[in-house]
Amino acid sequence: MPWRWPRAAHSRTAVRGRCSRGLLELHAIPVAEFPWQAELGDAFNSREAELVRRIGGEAAGWLSAGRPRREAFRVALRACARRGAAQLAVALADSAATLAAHARGLRDAPAADYTYLQAAQPTTAGHLLLAYAYPALRDGERLRHAHRELSRSVAGAGGSAGSRWPLDRSLLAGLLGDDGLVQHTKDAAWQWDVYAELLSTLAIAATHLSQLAQDFEIYASHEFGLIELADEHSRASALMPQKRNPYALAAIRAQAGQAAGDVTAALTVAHTGSARTDHFHLLNGLVPRALEEAGAIARLTAAVLAGLRVDAERMARVAREGFTNAADVADVLAAAGDLDYRTAHKIVGLAVRRLIEDGAGAVTAEAVTAAALELTGGAVAIDPAELDPAACAQARRQEGSSSRASMDAMLDEVDATSARERAWASDALAAAAAAERSLLERAAVIAAN
């Protein structure tokens, strides 16, 4: 016999109460302890069967009125994705703030910037480290956008064309802590691109962390010796007692490959017709797993950065011994007005070649003068003070450079932005938790009647 909605108001109240009590009981069961029945096909069917067992078919039979089974999955997946995105944003903001703290203490410490693993220009250790903070902050902005899109409610959409039942979608959105609706009912039921965008954001963030990890593994090597990881983020070689492997960095790099594969998988299964579940068979499991891994790796990165030790003396020595000031010398010669830049560049290049042949490791005023005479037959004059890498780093005055004024502005910006990113993410997590508590309390009131 089909289940019928009781005509008497007190009977309808009883059915609502029984349904709410049963659903609250199911909610309280740990996932690992739930009596899943694989033969029923999916999780929804198992939960419905358990609800029938607990409260009877007359009440449980109303669970799907105006509500296809996919809606429960869609609502849950969006809630899970929002939470994971906000948690990841907090971890990335922590990493940016920690980098800024290191950079503030090393604002004026001379260092060499690197391109192609070669010492390039003089900079400061603070400027070198702060470069890794800005990508993390941009990733936080992308996560905020994804969170905003995931906060549009899909609840109450009913079938692809809506429902004859008087479902108040705005009320449901408010109860779930959502902000606005995915407007079109069919789009609400089958929207997938928001998850592809989220997974792309995870892959970009993971790639940024991977680049940091690859650079830091080089900087931590015996050959470079610029930084040292804390013991808890390293592992001794089982075979070679002299080795101290930066093992945490390998874990960070590995997750980036997984994240890139996740985007490809999501886009591949999306090549299906509308109103089919191909992509959600993948997304229901992939998105929570990808967010869990991304959050864990981001928190590991923040911990690695917090435990990092920078060898400022070694950085300064490399800056002074690696011909890093060569480009600055060419700039000084050309800016004096007696030479075009290309000729100045050739003079300094010749000076560096002669110094290398003589076994020297730094550009000197005498070497530049000799190279100018050899190349052009004319003399040049340069102040030896302008050859100092520390002075070179401070001579760059534009926004974003290694000068003190520019560094102070960037440090303030990173501190403010990371605090703002952490604040919105923390507020979003708190609001989601409050909405869940309120929803459960509302269900408990209904269950008690």
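The values are calculated or read from the model by the stated rules, or taken from the named source; none is laboratory data. Just so we're clear, the structure is a prediction, and the values are computed from it rather than from any experiment. Here the Cβ positions follow ideal geometry from the backbone for every residue, glycine too, while neighbour counts run over all protein chains shown. These accessible areas exclude ligands, DNA and RNA; they are computed on the full protein's heavy atoms, side chains included. Shrake-Rupley method; radii C 1.70, N 1.55, O 1.52, S 1.80 Å.
Give the carbon-plus-sulfur fraction of the accessible surface of the chain in %, rounded to a whole number; probe 1.4 Å, heavy atoms of protein chains only.
Details: 12340 of 22720 Å².
Its accessible area is 54 percent carbon and sulfur atoms.
For the chain, which DSSP H helices look membrane-span-like by this rule: Cα extent along the axis of 15 Å or more and mean Kyte-Doolittle of at least 0.0? Mind dumping the intermediate values first?
Numbers: long enough: 9-28 (29 Å, -0.38); 43-55 (18 Å, -0.45); 69-105 (56 Å, 0.18); 133-150 (26 Å, -1.19); 193-219 (39 Å, 0.53); 247-269 (34 Å, 0.79); 278-306 (42 Å, 0.64); 341-357 (24 Å, 0.12); 365-376 (16 Å, 1.03); 404-448 (65 Å, 0.16).
Span-like helices here: 69-105, 193-219, 247-269, 278-306, 341-357, 365-376, 404-448.
State to the nearest 20 debye the size of the charge dipole of the chain about its Cα centre, where the only charges are +1 on K and R beta carbons and -1 on D and E beta carbons. Kindly include the intermediate steps, with their values, before the conclusion.
Numbers: 48 positive and 53 negative charges, 597 e Å.
With only Lys, Arg, Asp and Glu charged at Cβ, the dipole is about 2860 debye.
Charges only on Cβ, +1 for Lys and Arg, -1 for Asp and Glu: so what's the dipole of region 374-449 about the Cα centre, in debye to the nearest 20? Write down the numbers at each step before the final one.
Values: 7 positive and 13 negative charges, 103 e Å.
Magnitude of the dipole: close to 500 debye.
Measure of size requested: the Rg and Dmax of region 356-449, with Cα atoms as the atom set and Å as the unit; please supply both.
My reading of the Cα-based Rg and Dmax gives 30.7, 101 Å.
Thinking of region 344-386 as a set of Cα atoms, what percent of all their pairs are more than 17 Å apart? Present the calculation step by step, with values, prior to reporting the outcome.
Working: 195 of 903 pairs.
The share of Cα pairs beyond 17 Å in region 344-386 comes to 22 percent.
For region 123-193, just the Cα set please: Rg and Dmax, both in angstrom.
19.4, 67
With the dipole of region 229-373 worked out from charges on the C-beta (+1 for Lys and Arg, -1 for Asp and Glu) around the Cα centre, which of Ala370, Gln258, Val318 lies farthest toward the positive end?
Among Ala370, Gln258, Val318, the one farthest towards the positive end of the dipole of region 229-373 is Gln258.
How large is the Rg to Rh ratio of region 6-134 when both quantities use alpha carbon positions and Rh follows Kirkwood?
Working: Rg = 27.7 Å, Rh = 19.8 Å.
Answer for region 6-134: 1.40.
Only Cα pairs under 8 Å and at least 6 apart count here; give the relative contact order of region 332-426 as a rounded whole percent.
On the way: 64 pairs, mean separation 14.0, N = 95.
This gives 15 percent for region 332-426.
Accessible area per residue of region 319-449 at 1.4 Å probe, in Å²? Walk me through the intermediate numbers first.
Numbers: 7050 Å² over 131 residues.
Solvent-accessible surface per residue comes out at 54 Å².
May I ask you to give the average projected area over all directions of the convex hull of the Cα atoms of region 44-118, in nm² rounded to one decimal? Mind showing how you got there, number by number?
Numbers: hull surface 40.6 nm².
Across all orientations, region 44-118 yields a mean hull projection of 10.1 nm².
Top to bottom by accessible area (1.4 Å), largest first, where do Leu171, Leu439, Leu130 land?
Working: Leu171 85, Leu439 65, Leu130 5 Å².
Result, largest first: Leu171, Leu439, Leu130.
Given the -39500 (n - 2.57) contribution per DSSP H run of 4+ residues, what per-residue ellipticity at 222 nm results for the chain, rounded to the nearest 500 deg cm²/dmol? List each step's numbers first, then the result.
Values: 17 runs with 290 residues, N = 449.
Value at 222 nm, helices only: -21500 deg cm²/dmol.
List the equivalent ellipsoid semi-axes of region 143-285 in whole Å, largest first, each obtained as the square root of 5λ for an eigenvalue λ of the Cα gyration tensor.
Details: eigenvalues 420, 52, 27 Å².
Calculated on Cα positions only, the semi-axes equal 46, 16, 12 Å.
Quickly rank 192-205, 48-61 as a protection proxy: mean count of other C-beta atoms within 10 Å, highest first. Can you show the working numbers first?
Details: 192-205: 21.6, 48-61: 17.4.
For the peptides 192-205, 48-61, the packing ranking is 192-205, 48-61.
State the three equivalent ellipsoid semi-axes of the chain, derived from the C-alpha gyration tensor as the square roots of 5 times its eigenvalues, in descending order and whole Å. Write out the running numbers ahead of the final one.
Working: eigenvalues 776, 91, 70 Å².
Here the semi-axes work out to 62, 21, 19 Å.
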